[in-house]
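The structure under discussion appears below in the form of structure tokens.
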Amino acid sequence: MLLEAEGIECRTLDELTAQVNPMYSQAIGGVKLQVKETDLQKAVDILKEGGYLTEEDLQPYNSLSWLDDATSQLPLLKNLRVELRLMILVSIGVLLLLGVLRFAI
């Protein structure tokens, strides 16, 4: 309502889902606010002034930053996306575990 009062067209997604079943909220990424790209900066400024948004909220969240730091120096993996590095490392771990189990039995 605050954005609409300032003349910014916006809509929310998944609001009803989060209200009806809060357990799904985390799985679907919570309630999403959409504004036109041309109104983005004005909307951000309004939400900051209203106390609904902070600078910390605007920082990108990368849950795999620790993996990126740990594998960025490995010769064969350093040029790959961090998600692909994770899949390769998990695959190697599973193969090693299967090899150990094979010889243990």
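Okay, here's what the table says:
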{"read-out": "Label-point separation in nm, Trp66 to Gln41, each point 7 Å along Cα→Cβ", "value": "3.7 nm"}
{"read-out": "Using a Förster distance of 25 Å, the FRET efficiency for Leu77-Val100 (Cβ separation, nearest 0.05)", "value": "0.65"}
{"read-out": "Computed [θ] at 222 nm, deg cm²/dmol, the chain (DSSP H ≥ 4; -39,500 (n - 2.57); rounded to nearest 500)", "value": "-16000 deg cm²/dmol"}
{"read-out": "Fraction in percent of alpha-carbon pairs per bin - 5 Å, the chain", "value": "2, 10, 12, 12, 12, 11, 11, 10, 8, 5, 3, 2, 1, 0"}
{"read-out": "Descending principal axes extents, segment 4-52, alpha-carbon based, whole Å", "value": "32, 20, 17"}
{"read-out": "Local electrostatic count at Lys36 - Lys and Arg +1, Asp and Glu -1, tallied over other residues with Cβ under 14 Å", "value": "-3"}
{"read-out": "Around Asp45: net Lys/Arg minus Asp/Glu count, Cβ-Cβ under 11 Å", "value": "-1"}
{"read-out": "Segment 1-76 - percent of accessible surface contributed by carbon and sulfur, probe 1.4 Å", "value": "54 percent"}
{"read-out": "Local net charge near Ile8, Cβ-Cβ under 10 Å (Lys/Arg +1, Asp/Glu -1)", "value": "-2"}
{"read-out": "Per residue accessible area in Å² of the chain, where ligands, DNA and RNA are left out and the probe is 1.4 Å", "value": "85 Å²"}
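The values are calculated or read from the model by the stated rules, or taken from the named source; none is laboratory data. Being a predicted model, the structure only gives us computed values, none of them experimental. Methodologically, a virtual Cβ is constructed for each residue, glycine included, from the backbone with ideal geometry; neighbour enumeration extends over all protein chains shown. Areas reflect the complete protein model, heavy atoms only, side chains present, ligands, DNA and RNA absent. Shrake-Rupley method; radii C 1.70, N 1.55, O 1.52, S 1.80 Å.
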